[in-house]
Number of protein chains: 2
Amino acid sequence: MTRTQLKENKHDYLHDALSYVLEGPLIDEIIKISQVKEVFADEIILNVGDSMQYIPIVLEGSIKISRENDEGDELLLYYIEGGDTCAMTLQCCVRHTLSEIKATSMEDSLLLMIPIEMMETWMNKYRSWREFILQSYHTRLTELMETVDAIAFMRLDERLLKYLTDQAKLLGSLEIQHTHQQIAEDLHSSRVVISRLLKQLEIKGKIKIQRNKIILDSI
Amino acid sequence: MTRTQLKENKHDYLHDALSYVLEGPLIDEIIKISQVKEVFADEIILNVGDSMQYIPIVLEGSIKISRENDEGDELLLYYIEGGDTCAMTLQCCVRHTLSEIKATSMEDSLLLMIPIEMMETWMNKYRSWREFILQSYHTRLTELMETVDAIAFMRLDERLLKYLTDQAKLLGSLEIQHTHQQIAEDLHSSRVVISRLLKQLEIKGKIKIQRNKIILDSI
DNA sequence: CCATTTATGCAACTTAGGTTGCAAAGCTAG
DNA sequence: CTAGCTTTGCAACCTAAGTTGCATAAATGG
């Protein structure tokens, strides 16, 4: 089903998108109570310190979750793809605290916004919701662990290559439309260093560099 | 209640220890089905690649959770204290995968071992269990986030000082009984570097160094 | 008490990664 | 087409942290 179909028939679209993980009556409740939100590429959906009103579930597209410290240094933590929700957001809902992360859309995306008060209600009412939430926490912990592994044990050139292939997989294209500066921010490094390492990767024949664009020859 | 009292009266001890977070009937089930396990200081409770049979809940003492990569490099992730359980372990239960972390007791400790098959049963049956598990995931995610912050944004000397104060708080003593080598392993650094930085901290007057021991003058 | 092990100190050196400053190349809007 | 902005390249330099090798010093066990 496409975005156009969603507008024509929210009921069928959401049943289609969610039935493999959530039970029917829950989806009906979701249809009644939730809103669909369209975001454009590189839109900041949520910032550190924001308060949450909704639990977002990604219907289409992909979202980038990153951490930001007081000095404005940034670090990419993980991605959220279709069908997933954001565990860090869940926390904010349950505990009514402010966001500790920043969420940015990586491409034009479609989000299902569920009012946070449903979290607890459904937690007690629907088994599939419980499983969905647990699964979500599980995925996030695992991915955060992978991030820890990367920054603790890997060298920057390895992390860079991993970053590029991750992006390629996620966006389904061997061409990564980023400036060196943007890559440096995601990896919490500096532009000069990333340029240097990219140049080395190009010499090794692993990538091709163009303006605003890195091209991988395979994933 | 003390450990001795536990042996005399498991029923009262566990009700005492758990009633502030779990409901009575659930505690009764726990008493029937779970075992209490005593571990000694620095005992390896769980290793990377181990399979889980039990969900552990820390009754007394404290546990150190660390990550280990293929080359044997280690990194301390977070601690588990009394009343807490291990979210990484929970995952293994739900998905029946092998442990991705290593658990070491930091002092003589007391663990409540719950058979993993109860996880799902109680998840559907007891509201307080659901809240306990969610709370646990929440705490772990937050702490893992703190760890990411530390390794991504802090310099090693800052991390070292944080490590020392964390240990002091956790074990309730200003004297930290570790060799430089042990500290180096927890922080994924090398002995020489840690010795160097400790020496600097001593010169700055923040710590005193003794054989097998670091002394903080305050937390 | 001595021999051995374990812990710490010290010096010299290497390296990954960060910083600064500037030049050149590519875009883009008037 | 030109002026100005953005992106990338390049060189020189700096620093935190890791490595190697060896010298002490403290504990430990016979």
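The values are calculated or read from the model by the stated rules, or taken from the named source; none is laboratory data. What you are looking at is a predicted structure, and each value in this text was computed from that prediction instead of being measured. Methodologically, a virtual Cβ is constructed for each residue, glycine included, from the backbone with ideal geometry; neighbour enumeration extends over all protein chains shown.
Tabulated results
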quantity	calculated
Listing of strands (runs of 3 or more DSSP E) fully contained in the range B:9-124 that carry 1 or more residues being touching a helix residue (DSSP H, G or I) at 6+ places or on another chain (Cβ under 7 Å)	B:35-39, B:54-60, B:62-68, B:74-81, B:109-115
Count of residues meeting criterion [of a type in the set (A, V, I, L, M, F, W, C), surrounded by 12 or more Cβ atoms within 10 Å (Cβ to Cβ) and free of Cβ contacts under 8 Å to residues at least 40 places away in the same chain] in the range B:191-214	4
The range B:1-14 residues that are within 16 Å of residue B:29 (Cα to Cα), paired with ones that are at pLDDT below 70 (beta carbon under 6 Å, 6 or more apart)	B:13/B:1
Residue match in the range B:75-86 (condition: closer than 18 Å to residue B:141 by Cβ and of a type in the set (S, T, N, Q))	yes
Odd one out for residue B:159, checked against (1) closer than 30 Å to residue A:150 by Cβ; (2) in contact with a strand residue (DSSP E or B) (Cβ under 9 Å, 6 or more places away or on another chain); (3) more than 10 Å from chain A (Cβ to nearest Cβ)	(2)
Any hit, the range B:165-173, residues being assigned to a loop (DSSP other than H, G, I, E, B), touching a strand residue (DSSP E or B) at 6+ places or on another chain (Cβ under 7 Å) and more than 14 Å from chain A (Cβ to nearest Cβ)	no
Residue A:136 being closer than 24 Å to residue A:62 by Cα, more than 15 Å from DNA strand D (Cβ to nearest atom) and among the polar types (S, T, N, Q)	yes
Residues satisfying the stated conditions in the range A:102-152, i.e. in contact with an Asp or Glu (Cβ under 8 Å, 6 or more places away or on another chain), among the charged types (D, E, K, R) and within 11 Å of chain B (Cβ to nearest Cβ)	A:127
Selection within the range A:163-219 - within 20 Å of the chain's Cα centre (by Cα) and among the acidic types (Asp, Glu)	A:166, A:175, A:185, A:186
Among residues of the range B:79-101, those that are within 11 Å of another protein chain (Cβ to nearest Cβ) and at pLDDT 80 or above, counted	2
Residue identified as of a type outside the set (A, V, I, L, M, F, W, C) and more than 16 Å from residue B:112 (Cα to Cα) among B:12, B:28, B:70, B:84	B:70
Candidate set from the range A:120-147 (those that are among the aromatic types (Phe, Trp, Tyr) and over 30 Å from residue B:70 (Cβ atoms)); member that is surrounded by the fewest Cβ atoms within 10 Å (Cβ to Cβ)	A:126
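Quick grid of which residues meet (1) within 12 Å of DNA strand D (Cβ to nearest atom); (2) more than 26 Å from residue A:154 (Cβ to Cβ); (3) in a loop (DSSP other than H, G, I, E, B):
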residue: B:178; (1), (2), (3): no, yes, yes
residue: B:181; (1), (2), (3): yes, no, no
residue: B:185; (1), (2), (3): yes, no, no
residue: B:193; (1), (2), (3): yes, no, no
residue: B:196; (1), (2), (3): yes, no, no
residue: B:202; (1), (2), (3): no, yes, no
residue: B:205; (1), (2), (3): no, yes, yes
residue: B:215; (1), (2), (3): no, yes, no
residue: B:219; (1), (2), (3): no, yes, yes
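For (1) among the charged types (D, E, K, R); (2) surrounded by 17 or more Cβ atoms within 10 Å (Cβ to Cβ); (3) free of Cβ contacts under 8 Å to residues at least 60 places away in the same chain, each residue gets a yes or a no:
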residue	(1), (2), (3)
A:108	yes, no, no
A:115	no, no, no
A:118	no, yes, no
A:149	yes, no, yes
A:152	no, yes, yes
A:155	yes, no, yes
A:159	yes, yes, yes
